[in-house]
Ligand SMILES: Cc1cc2nc3c(=O)[nH]c(=O)nc-3n(C[C@H](O)[C@H](O)[C@H](O)COP(=O)(O)OP(=O)(O)OC[C@H]3O[C@@H](n4cnc5c(N)ncnc54)[C@H](O)[C@@H]3O)c2cc1C
């Protein structure tokens with residue numbers, strides 16, 4: 001068996017790097033596998049204005065480079081590789097990475113969540129520009145502009161209502177006439193003077209010019225008829241998918257795949273911790289992910305002290 005690490009961190013978003021920083025400063029010599037998207041979701045966004053400490057805002061990729069540099073300065077080792085599988089049935093834990101096995105007494109899982117996108121034609125060019133999946137993050141960029149929200153659940157209704165703070169008009173687009181949203185969320189949106197609801201519509205294609213998004217072609221799924229709608233921003237709110245399939249069901253998750261904390265940041269397996277969007281069904285922010293990464297590293301350190309060293 002090769003060296004046994006104190007802790008292996010899986011994932012390199014704000015949760016992973018903060019866990020890396022804390023465990024490196026605790027002299028645990030952590031090893032991180034950064035994954036298929038080194039830097040995580042913030043690599044997709046140009047401006048972060050709500051992470052404390054950056055009065056002028058900061059670019060997502062730039063912030064993630066800084067987090068990585070800071071953690072590496074204290075001894076975090078990062079490999080830009082993807083974890084294929086973990087074996088938590090035996091100890092030390094085994095982590096399989098591109099065909100090679102690594103071993104660790106503890107794991108911190110920070111693999112985040114992916115927003116579900118529509119993948120309609122024209123979407124790829126506008127991702128992180130005119131089209132977003134996070135109103136809290138990007139809503140303020142659309143002051144006095146007309147925006148679309150796509151979806152029919154609580155988050156779509158909540159995002160539409162939130163966006164009325166900035167946008168001059170919000171059109172909520174849903175492909176059915178029945179909303180999954182709770183009555184209170186739906187009514188709050190439906191009764192808002194700035195919100196128009198269009199049912200039986202789905203995005204067939206996004207429209208843009210050299211300046212950015214200009215609107216969308218909407219289709220009625222019942223008869224295929226189409227219409228154009230103008231908008232400079234659009235928010236897709238059709239759900240998130242936590243990245244947990246590589247765990248092979250060894251760690252308890254809820255029905256949607258989010259890891260469940262059993263005690264502080266520890267999961268159902270003793271010595272396996274989790275932090276960030278992979279756990280978080282509610283906040284999904286860089287600062288909350290970073291905060292939880294700190295907690296997971298401190299919990300792992302204490303657990304190692306009590307159980308291994
Ligand atoms: C477009 C956009 C804009 C946003 N803007 C803001 C904002 O302005 N402010 C804000 O607070 N939040 C913003 N967010 C939300 C924020 O990005 C997330 O809350 C935050 O990134 C979650 O951090 P995390 O560390 O939990 O996971 P993530 O950032 O999702 O990182 C997950 C990491 O896990 C890695 N990974 C996944 N699978 C594996 C594997 N098998 N092996 C190894 N590694 C793996 C990935 O490579 C990635 O590095 C935005 C999100 C998006 C999509």
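The values are calculated or read from the model by the stated rules, or taken from the named source; none is laboratory data. Not measured: the values here are computed from a predicted model. Cβ placement follows ideal geometry from the backbone for every residue including glycine, while neighbour counts extend to all protein chains displayed.
Could you tell me whether the stretch 162-177 includes any residue that is assigned to a helix (DSSP H, G or I), within 16 Å of the ligand (Cβ to nearest atom) and crowded, with 16+ Cβ neighbours inside 10 Å?
Checking the stretch 162-177: at least one residue is assigned to a helix (DSSP H, G or I), within 16 Å of the ligand (Cβ to nearest atom) and crowded, with 16+ Cβ neighbours inside 10 Å.
Go through the stretch 29-43 and give me each residue that's more than 6 Å from the ligand (Cβ to nearest atom) and surrounded by fewer than 16 Cβ atoms within 10 Å (Cβ to Cβ).
29
Taking the criterion of being more than 13 Å from the ligand (Cβ to nearest atom), assigned to a helix (DSSP H, G or I) and within 21 Å of the chain's Cα centre (by Cα), would at least one residue in the stretch 44-57 satisfy it?
Within the stretch 44-57, none of the residues are more than 13 Å from the ligand (Cβ to nearest atom), assigned to a helix (DSSP H, G or I) and within 21 Å of the chain's Cα centre (by Cα).
Just checking, does the stretch 215-234 include any residue being under 22 Å from residue 285 (Cα atoms) and either modelled with pLDDT of 95 or more or not assigned by TED's automatic domain parsing to the domain that holds residue 82 (or both)?
There is at least one residue in the stretch 215-234 that is under 22 Å from residue 285 (Cα atoms) and either modelled with pLDDT of 95 or more or not assigned by TED's automatic domain parsing to the domain that holds residue 82 (or both).
So, in the stretch 96-126, how many residues would count as being out of contact with any helix residue (DSSP H, G or I) (no Cβ under 6 Å at 6 or more places or on another chain) and not in a strand (DSSP E or B)?
Qualifying residue count, the stretch 96-126: 13.
Are any of the residues in the stretch 68-88 closer than 15 Å to residue 269 by Cα and part of a loop (DSSP other than H, G, I, E, B)?
Yes, because at least one residue in the stretch 68-88 is closer than 15 Å to residue 269 by Cα and part of a loop (DSSP other than H, G, I, E, B).
Could you identify the single residue in 253, 267, 281 that is loosely packed, with under 15 Cβ neighbours inside 10 Å and either within 18 Å of residue 23 (Cα to Cα) or touching a strand residue (DSSP E or B) at 6+ places or on another chain (Cβ under 9 Å) (or both)?
Result of the check over 253, 267, 281: 281.
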